[in-house]
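Remarks on the structure that follows.
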Amino acid sequence: MKEKSFVMLKPDAVLRRLTGKILTRFEQRGLEIVAAKMLVIPRELAQQHYAEHEEKPFFADLVDYITSGPVLATVIEGEECITLIRKMVGATNPKEADTGTIRGDYAIDTGRNIIHASDSPASAEREVKLFFKADELCDCSFPDREWIYEEP
Ligand code: IDP
Ligand code: MG
């Protein structure tokens, strides 16, 4: 089943000039980038995005981190891509992330783990809506789909 995931390259990914390398991984896998924008997240939006962590001791640091510089917010589409992308991203704590995953290859600290990806269809829908208007998502026709999917 085709899904959309909200994937955000955090300020450390942008400022370490890793955005191209990271997006390339999703493209190489056969996933489709259907929306992208660079922004500095307003504090209130950051708090909304991470609302589930409001009561956690790291919440204030997390909001400081995510608002500390530009992020590249994207929507990525593909069959069952929510789970697939979480696998590609790796564990929340990069020290526990497998080598070969994005966090396992580029990060060390949990508080500097370079990328966010939706963890469920419900989160994906909520997060995409928080960051993008409906008309900012492209309904792209990728000509190589038949080489990615048996039934495109
Ligand atoms: P996820 O990004 O892998 O879904 P979550 O548990 O949803 O992980 O946490 C959201 C973000 O909060 C993490 O990506 C990380 O940036 C930050 N975070 C989570 N746990 C900690 C912690 O114990 N210390 C510092 N930051 C944390
Ligand atoms: Mg999460």
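The values are calculated or read from the model by the stated rules, or taken from the named source; none is laboratory data. Computed from a predicted model, the values in this text were never measured in an experiment. Cβ atoms come from the backbone with ideal geometry, glycine included; neighbour counts cover every protein chain shown. These area figures cover heavy atoms from the full protein model, side chains too; ligands, DNA and RNA do not enter into them. Shrake-Rupley method; radii C 1.70, N 1.55, O 1.52, S 1.80 Å.
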Give, rounded to the nearest 20 debye, the magnitude of the charge dipole that segment 1-130 has about its Cα centre when Lys and Arg contribute +1 at Cβ and Asp and Glu contribute -1 at Cβ. 420
In a Gaussian network model over the chain where Cα atoms closer than 10 Å are linked, find which of Lys37, Lys133, Lys87 has the largest mean-square fluctuation. Lys133
So, over other residues within a Cβ distance under 12 Å of Ile22, counting Lys, Arg +1 and Asp, Glu -1, the net charge is +4
Separation of the Glu150 and Thr24 label points, Cα + 7 Å toward Cβ, nm: 3.1
Please give the direction-averaged projected area of the C-alpha convex hull for the chain, in square nanometres with one decimal. 8.9
Return the carbon/sulfur percentage of the accessible area of segment 1-83, one whole number, probe 1.4 Å, all protein chains in place. 51
Between Ala60 and Lys129, what FRET efficiency comes out of the Förster formula 1/(1 + (r/R0)^6) with R0 = 30 Å and r the beta carbon distance, rounded to 0.05? 0.75
Given the rule -39500 (n - 2.57) for each run of at least 4 DSSP H residues, summed and divided by the residues of the chain, what is its mean residue ellipticity at 222 nm, to the nearest 500 deg cm²/dmol? -10000 deg cm²/dmol
